Amino acid sequence: MSADDTTETDATGPRHRKTRDKRRKGLVVTAWVAAGIVVLGGTGAGYLYFKLNGNIKSVNIDQALGSARPTKVDNGSENILVLGSDSRSGTNKKLGGGTDDGSARSDTAMIVHVYKGHKKASVVSIPRDTLIDRPECTDTKGGTHDAASGVMFNSAYTTGGAACAVKTVESLTGIRMDHYLEVDFSGFEKLIDELGGVPVTTTKNISDPDSHLNLKAGTHTLNGEQALGLVRTRHGVGDGSDLGRIQLQQAFIKALVNQVKHIGVFTSPKKLYDLADTATSAVTTDSDLGSVNSLMSFANGLKTISSKNMTMVTMPVQYDPANPNRVIVEKSKAQQVWTALKNDQAIPKSATAGTATGEAKGVVSAP
């Protein structure tokens, strides 16, 4: 394990230190967007359909979690946990750096709430450095993992994979996750390249050798490698915090959604299939979404959501007084967020007022 690996797993904190930033996970919400495109690849028949179907990896989270979960709210809305791990296996090692030690962490985590009618959505980012109480959980292989107090949020995935990550999010929010989506480094890069890049405008220079990113202020069409660098950078701009990195990610998501709608992938069967092939190979889903038909139904409910109808916030947190390189949940304000989502309502501005933020807001936007 490298020096960066050691730094990441100790308690020294991420905000102004050299971390595993060069190993950042690709923006996992791409999985959500990709599902909306990819899934329509199911309109093919025969070999093409079964090829796409065979690409998809799925995990049976419902079986692992059992019945001790928040009650599903039947109001027409859906909640999706979109997660990214920093696994060093396969081609991800080249893109993310570090060692392939068989472990992974969730470096990008977002709750996507799709409102009734599926015309708008709220996305809540969960900082990976948040100190939480992790519940006892069972992984998808039947292994049981003890509860732990005061540990980083991303330890849930490291400890018990997707099922423990979902269990932790449900314990934290009191909201049942209807679906789970995950994407990897190499898949993210390929998806952006298949889309022909994503245009963004930067108001400041961004330079981060750890994430192999060097952008002058101005308008750029980011290829896959550059996009991956942007969404994982922490030291390239702002205060070097995970909260700042989340601000860059959220801005990129909106640019990505705009690009998907702009290029008209649905008018080109070959482009659609190539993108479908890449995306189905990149994503891991819950078992309910583990087929092209299921993804098609799911995606049909997402494709009308535009970037203008997406509200993006970070889970309300404050810096930990005992360690300013960690954050803790601002419980009363976070509860406003969870209550709004449970009731399928807009997140009130008061929920995030006065909470800790990064210093990268407005640095990146769609041109």
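Within the set THR355, THR285, THR339, the sole residue that is β-branched (Val, Ile, Thr), within 30 Å of SER149 (Cα to Cα) and without any contact (Cβ under 8 Å) to a residue 40 or more places away in the chain turns out to be THR339. Residues of the stretch 42-70 that are modelled with pLDDT of 75 or more, among the small types (Gly, Ala, Ser) and under 16 Å from LEU289 (Cβ atoms): GLY54, SER58, ALA64. Taking residues in the stretch 60-73 that are more than 23 Å from VAL114 (Cα to Cα), and partners anywhere that are outside any loop (DSSP other than H, G, I, E, B), the pairs with Cβ atoms closer than 7 Å and at least 6 places apart or on different chains are ALA64/THR138; ALA64/ALA163. For the stretch 317-333, a tally of residues being without any contact (Cβ under 8 Å) to a residue 24 or more places away in the chain and either among the acidic types (Asp, Glu) or more than 21 Å from ALA353 (Cβ to Cβ) (or both) returns 1.
Does the stretch 269-278 include one or more residues that are open to solvent by less than 10 Å² (accessible area, probe 1.4 Å), within 30 Å of MET152 (Cβ to Cβ) and in contact with a helix residue (DSSP H, G or I) (Cβ under 9 Å, 6 or more places away or on another chain)? Walk me through how you get there before you give the answer.
Pass one, the stretch 269-278, residues open to solvent by less than 10 Å² (accessible area, probe 1.4 Å): 275-276.
This time we only want the ones that are within 30 Å of MET152 (Cβ to Cβ), so: none.
No: the stretch 269-278 contains no residue that is open to solvent by less than 10 Å² (accessible area, probe 1.4 Å), within 30 Å of MET152 (Cβ to Cβ) and in contact with a helix residue (DSSP H, G or I) (Cβ under 9 Å, 6 or more places away or on another chain).
Just to be sure before I move on: is VAL327 closer than 30 Å to GLY218 by Cβ, of a type in the set (A, V, I, L, M) and either under 19 Å from the mean Cα position of the chain (by Cα) or surrounded by fewer than 19 Cβ atoms within 10 Å (Cβ to Cβ) (or both) in the structure I sent? Judged against the criteria, VAL327 is not a match. Of LYS303, LYS308, all but one fail to be without any contact (Cβ under 8 Å) to a residue 60 or more places away in the chain, open to solvent by 50 Å² or more (accessible area, probe 1.4 Å) and not in a strand (DSSP E or B); the exception is LYS308.
Within the span defined as the stretch 214-227, one or more residues are within 16 Å of the chain's Cα centre (by Cα) and either of a type outside the set (Lys, Arg) or part of a loop (DSSP other than H, G, I, E, B) (or both).
Answer with yes or no whether GLU182 is of a type outside the set (Val, Ile, Thr) and modelled with pLDDT under 95.
Values: of a type outside the set (Val, Ile, Thr): yes; modelled with pLDDT under 95: yes.
For GLU182, the condition - of a type outside the set (Val, Ile, Thr) and modelled with pLDDT under 95 - is met.
Do we find that GLY236 is surrounded by fewer than 20 Cβ atoms within 10 Å (Cβ to Cβ), over 19 Å from the mean Cα position of the chain (by Cα) and not basic (Lys, Arg) in this structure? Taking the combined requirement at face value, the residue does not satisfy it.
Of everything in the stretch 226-267 that is without any contact (Cβ under 8 Å) to a residue 40 or more places away in the chain and not β-branched (Val, Ile, Thr), the residue that is farthest from ILE206 (Cα to Cα) is GLY264.
The values are calculated or read from the model by the stated rules, or taken from the named source; none is laboratory data. For clarity, every value in this text was computed on a predicted model and none was experimentally measured. Positions of Cβ are generated from backbone atoms using ideal geometry, with glycine treated the same way; all protein chains shown enter the neighbour counts. When the accessible area is computed, the model is the full protein with side chains, heavy atoms only, and any ligands, DNA or RNA have been set aside. Shrake-Rupley method; radii C 1.70, N 1.55, O 1.52, S 1.80 Å.
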